[in-house]
Structures are given as structure tokens and as C-alpha cells.
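Worksheet: the structure to be examined is printed underneath.
The values are calculated or read from the model by the stated rules, or taken from the named source; none is laboratory data. Keep in mind that what you see is a predicted model, and the values were worked out from it rather than measured. Please note: Cβ atoms are built from the backbone with ideal geometry, for glycine as well, and neighbour counts cover all protein chains shown. Heads up: the accessible areas ignore ligands, DNA and RNA and are worked out on the full protein's heavy atoms, side chains in. Shrake-Rupley method; radii C 1.70, N 1.55, O 1.52, S 1.80 Å.
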Amino acid sequence: MPTDLPRPPDTCALPPVLAGPLLRRLTPQRLVLWLVGSRPLRLSLQLVFAGSQPRLIALDGARCRRLRIGAHAWLHLLDVALDEPLPTDTPIEYDLLLEEDGRQRGIADWAPHLLYEGAKRPDFLLKSRLDNLLHGSCRKPHFPSADGLARADALLAGLRERPQARPALLMLSGDQIYADDVAGPMLVAIHALIRRLGLYGEALEGALVADSDALYAHPATYYRREDLLPAFTSNAALRERFFGGVEKPIFTSASAHNHLITLGEVLAMYLLVWSPVPWTLIRPQPPALEAPCGERYAEEQAALDEFRAQLPQAARALAHLPSLMIFDDHDITDDWNLSAHWEETAYGHPFSRRIVGNALLAYALCQGWGNDPDAFAGLLGQVEALPVDADNRLDGRAQDRLIGELLRFRNWHYRLPTTPALIVLDTRTRRWRSESHPSRPSGLMDWEALCELQQELLDEQAAVIVSPAPIFGVKLIEAVQRLFTLAGHALLVDAENWMAHRGAAQVILNIFRHSRSPASYLILSGDVHYSFAYDVQIRHRERGPRIWQVTSSGIKNQFPACLLESFDRLNRWLYAPWSPLNWLTKRRRMEVVPRIPHRGRRGERLWNGAGIGQVLLDALGRPTAILQHNADGSAPTRFVRPAELRRAAAPAETGEAELARLRRGTE
């Protein structure tokens, strides 16, 4: 079937590198990088650092896996094992030399926006221990705020002369993209990039349209995609109350009007949120829209223009700082695997199964592989073997078989053997499903996965655990979610928290109480669109582990301000330390003490603002400082113990100096 899309331009008109490099998992013995080219590239890696001759490594064979994703788009997965380990705690400059027409060109030539002023090459630092971490989640391009990744870039720029103060890595704990909440101008840009690069199309079984070409041309493709998505019925009264009588779809995001569907759409979005280069290749034109949608399009375009303006800085941060990632729901779709009933409905329909599978495949290629390349070796072979027909479309049956393998894949989680150990949890695909009440939320991890986690933790002195959803969250919000769950409407309030499932809650809390558990736990989380920090201890146990729950969200997203202020105030009243309501929670054996954002209003515990989090750790893996770097460029917010803030507010000269230090958010 001939395609209705215009043929892409000749490959010579395209720049060789479309996105990247992104630094992924880096160790002294192994370097993992990700980039996308407009054609298969011949690359060499150059490493330059003090005390050694420059190294030049040809990226051939297994060191560079090239996967074609379109007529003029190739993933380059760089995995370089080193015969001689690299030094730690020493800046290492690197370059990717592109060989074309008998000459070599470096990053300074083909991606000068990735270099800091005065630098010849980008660089990285391999820390000997995890003493300094940046972390965050939830980066929605059209949210009207500055970009937290650009703030991370500014932080790195300010540390050029103090490399030892640089973070060891950037941990992105979910919602790196929003596949289910896409601005109209972004979807138009995605389609323009698909045409420009000739990203692969596909047939769509069980849909109202036959294939991707028909989808892109359909009148409902902009702002009305919920009309094309599979749906199931829900309570009519609540549907009328919360959704204006519209049927609640399988894809339960309230913003599913432009939900991504095809693999090409999701891959194009990754390119557009990680690199400024693809934006220079397209000239997207607004579609014909009725008045309400036209106004919304203009508002989203303004926010997206600001996002684009900061993309060079975001890309530069990702080229200088090793990044690790894990999915949460919006990387795939809202409420992904929330309940057994959701899974049965979504995976039982070929169209919804394909939509979820496409997003998961794109995640595997653009995020998951870089976390742990060894776990994805077999999967990459199946991707390479996907047949493509003469019309530039994937073979539908082969694509569905691959998606079946992805849905059975059980190695999304991973561990870094660092000091302290870093353990990243998969809280989405190995869920503890409720057999008696399939519509109730599943536990975020099943019994087997939690047992494996316990084994990972035995006899460790300290551990950093990454859980996209906070293990210790806001009790009032969890109580509201529980009430809706008991009423049978968990989907309405995204009732996904660790305490929502009795079995999962009991096991994760028992892990902390195990006699051979680490002495210190740092839990990094995101998901909730606000930031907070808790100190947690087991009641009546002097030698029990110390736990710090640190949540940073979002990188480019926020909670509705008035609603969060109300939740914060009510939570303080209803769950004060003396409140008997605490004994009705599953965490009653835990003493949870909130830290205070030092720049917040009196009594405030939750910080609402886009940005990037930072935690500094001592030699025993205990936090010495917890910061939120605000995307708007204002002074960092520091989360402090109540006693520390009281001392800082004292009228004595030392107290005034301490208060000034806290107000600045510096050490």
C-alpha cells in the first residue's frame, strides 16, 4: 500500500547526528552512550585525561549496535568495554569522532551546543562513591514552567572549576516523557518529524483506522484521539461528575486527547524532548482547529517554545552527567497496570495492547537499554529482525510477537555495585495483583520481587533505593485514595501508593525491620508533582535502620497550588504526632518526621515547584544535605530538620548566620 506521507528528503540534507550523545551507565571498566543518527555512522571514541596519553577507540562490532528505526533514522547504542580501567574522581574529556569523506569531525563541529564555554570537548567524572546525586521525575514539555534539566546544566556550569563537587549521576525516576498527555503543537511536530525522517509506519489491528497513515490523516487525530481509543464503561454517576459523561477509556489520562499510538510517534517524541536538532529540521504548521482547540493550541505553543529554548542546555547536561532512568506510568500511559482488571482489559484488546507495547518498546530502546545493556541483548536481536515492507511499514505480526516478549520481560529493574549500593525498582510490571478484588489497586511489587529485593539488601551497610512512587508518602492523600478505592473507583484518583495494597505494604516495611538490613536507607522518589523529605525510624528500636524518604517532582511539572496547600494543611492537622489517626495507618510502627523546606511558609512541609533535587551523602551513605534546585533560577530550597530551623531562627549572631546559610540553600 503506497504511503500518503511525503517522501523524506535526501539523507545528505540531514545532519549526521539527530540526538545525543547521552551518557548512560558509566564505570571505570565500561562506558555506555546513546545517540541517534540520520544514517549508520562510523565513530571513534577519544578519551583525554591528566596523566595519560589520549586513547582512541574504534566503535566497531559489538561496541556500536546500530538499529534502524526509519528510512533516515538509526539508533546507535555504544557499549565500550575497556581493557585498562579509567581513573576515578578525575575529569575525563571525551569526543565522538565522526568519520565521513576521509576526515574526522568531533562534537565541537557537529554539536557545538553540547560544549561549555572555553571547552574543546564534553567531559564526565567517575566518582569513587555516591557522595552527590541529582534526581527528579515528571518532565512535561508543555507545562508552563522552566525546565529542571536546564537548571541541572546551570549547576554543572557553576562547578567547572570544582570538579570534585560535581554530582556522581542523574537519576530520572519516571515520566521522562508523557506519552498520554501530549500538546497539540508537539503532536504536529511529531508527525512532521516522522515525515522528515521516514520513521516506520505500522498496521493497526482492532482500530477504527487501518494503519498509521490513516491515523495521522484522521479528523480526530488532534485533540480528539480519545474517540479512537478502546473504552470500557464505568459508574455513570461518577463519570458524569468527573468526566462530563464521557466514557472512561482504557487509557485513563484525563489528557488523552493527543495520546501517542504508534511506535514512530513515541520514538519521535524522544528525539524532540532530548535534542534541539530535530526541531531545526521541521516547520510544523498548525492544523485547522475549531475555536476552543485553536486557543488551547496557541497556549501550548507558547509553553513549548520556552521548552525548545532551553533544550540545548538540557542536552548539554545529559552529555556531561551519567544518567540512569526507570519508567513510571506516563512513560507508557496513565494508570499503567494499576489493577488486575486494567491489565485484563488493556491486554485483551489488540489495539490497546499495541499502544502499550509501542511505548514500552520505545522505552526499552531509549531508556531501559542504557541502564543495563546486558539484560537487553536478546531483545535487541529481535528488534533488528523486525521485517519492514516496501511501503516502510513494520510487519504487524512480528511487531505483536515482540510486544508479547516485552510484556513478559522481567529485567526492567537493576542494581549498581556502587558505595552505597544503588537499587532501582520496577514498580510497574511485577505487581501484586488482587485476586479477590481485581478492580482494586495492585501492590507495586509482588511477593517474589520483594523477596529478591530483600536478598539484594542483606548485609549491605547502606543502600540508595529508587522507587518511582514514594514508600513514605502524604498520609492524607493516601487516605483519600483509599476511600475512592473502597468505593470501587481507584482509577479516578490514581490510587497507586505503597500502602494501597496490604501485602506489598507489609512486606516492604518488614524489609526495613530485618535484622540484617542496611543501617542507612536513602529512598529517592518522584511521581507526585511536589517535593518533600522525611526522616524515618522504627519506633522503640534504638539500633534500627535510619531511613530518609526524599521526593523530587517534577522536573517540569507541578501540583495545583491551592489544592496542595489545602492537603498540606489538613495533613498537618489530621496526622499530627499526637493524632490517633496515625495508629490506623500501616506505618504505625514507623516514626515519620517531615523535614521543612526552609524557604516555605510557616508550617509548610510540601514544596511545590519545578526543578531538580540534590542529595549529598557522607561516607556512611547518610544525607548531609537535601536540596531542591528550582527551575525558575531562584535560590535552592533546603529541607531541614525542625530543630535546625529553630536554631537558625534564634536571635544570636550564630543563629543569624545559620539562618542566612539556610536561606541561601548552600553548605
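Assorted remarks:
- Quarter of Cα convex hull surface for region 527-567, i.e. mean projection, nm²: 3.9 nm²
- Share of Cα-Cα pairs in the chain lying beyond 51 Å, as whole percent: 8 percent
- Convex hull volume per residue in cubic angstrom - Cα atoms of region 373-412: 66 Å³
- Those lysines that a straight Cα-Cα span of less than 30 Å connects to K586, excepting residues fewer than 8 apart in one chain: K475
- For the chain: relative contact order, % (alpha-carbon pairs under 8 angstrom, 6 or more apart): 15 percent
- Order by protection proxy (mean Cβ within 10 Å, highest first), peptides 633-640, 575-582, 46-53, 133-140: 133-140, 633-640, 46-53, 575-582
- For region 75-181, the list of GluC sites (Glu not before Pro) that fall in a loop by DSSP and count at most 13 other C-beta atoms within 10 angstrom reads E117, E161.
- Scoring 619-629, 75-85 by mean Cβ neighbours within 10 Å over their residues and listing the highest first yields 619-629, 75-85.
- Dimensions of region 504-543 based on its C-alpha atoms, expressed as ranges along the principal axes with the largest first, amount to 34, 22, 17 Å.
- Distance from region 543-577 to region 102-164 (C-alpha centre basis), Å: 29 Å
- Sparse packing (at most 15 other Cβ atoms within 10 Å of the Cβ) combined with a DSSP loop state is found for the following GluC sites (Glu not before Pro) in region 248-342: E290.
- Cα-based Kirkwood hydrodynamic radius, region 304-406, one decimal, Å: 16.0 Å
- Accessible area of E405 in the full protein assembly, 1.4 Å probe (Å², nearest 10): 80 Å²
- Summary of the geometry: region 204-227 and region 36-64, compared by the centres of their Cα atoms, lie 42 Å apart.
- Cα centroid separation - region 331-383 against region 265-296, whole Å: 24 Å
- Protein accessible area in region 537-648, 1.4 Å probe - carbon and sulfur %: 54 percent
- Note that the chain presents 40 Å² accessible area per residue, ligands and nucleic acids not counted, probe 1.4 Å.
- Proximal lysines relative to K556, as straight alpha-carbon distance under 20 Å, when same-chain residues fewer than 8 apart are discounted: K140
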